[in-house]
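Read the structure below first, then the notes.
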Amino acid sequence: MNQNQSLEVAKLKEIINEIDEEAFLTITGVHEVMGGRFKKKSIH
């Protein structure tokens, strides 16, 4: 995981914690995504 990804994960954890302090979160690497129209959006 690079520094940018670490910042994204930290922000994601913060957002999820604000919504549900008891949430269960699993993060895993993805090497390929098929189908749909996926676009990277800024969360900062």
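Side notes on the structure shown:
- Only helices enter this figure: runs of n ≥ 4 DSSP H residues, each worth -39500 (n - 2.57), summed and divided by the residues of the chain, yield -13000 deg cm²/dmol at 222 nm to the nearest 500.
- Orientation-averaged projected area, Cα convex hull of the chain (nm²): 4.1
Any read-out appearing in this document is the output of simple, stated calculations on the displayed coordinates, not a laboratory observation. Keep in mind that what you see is a predicted model, and the values were worked out from it rather than measured.
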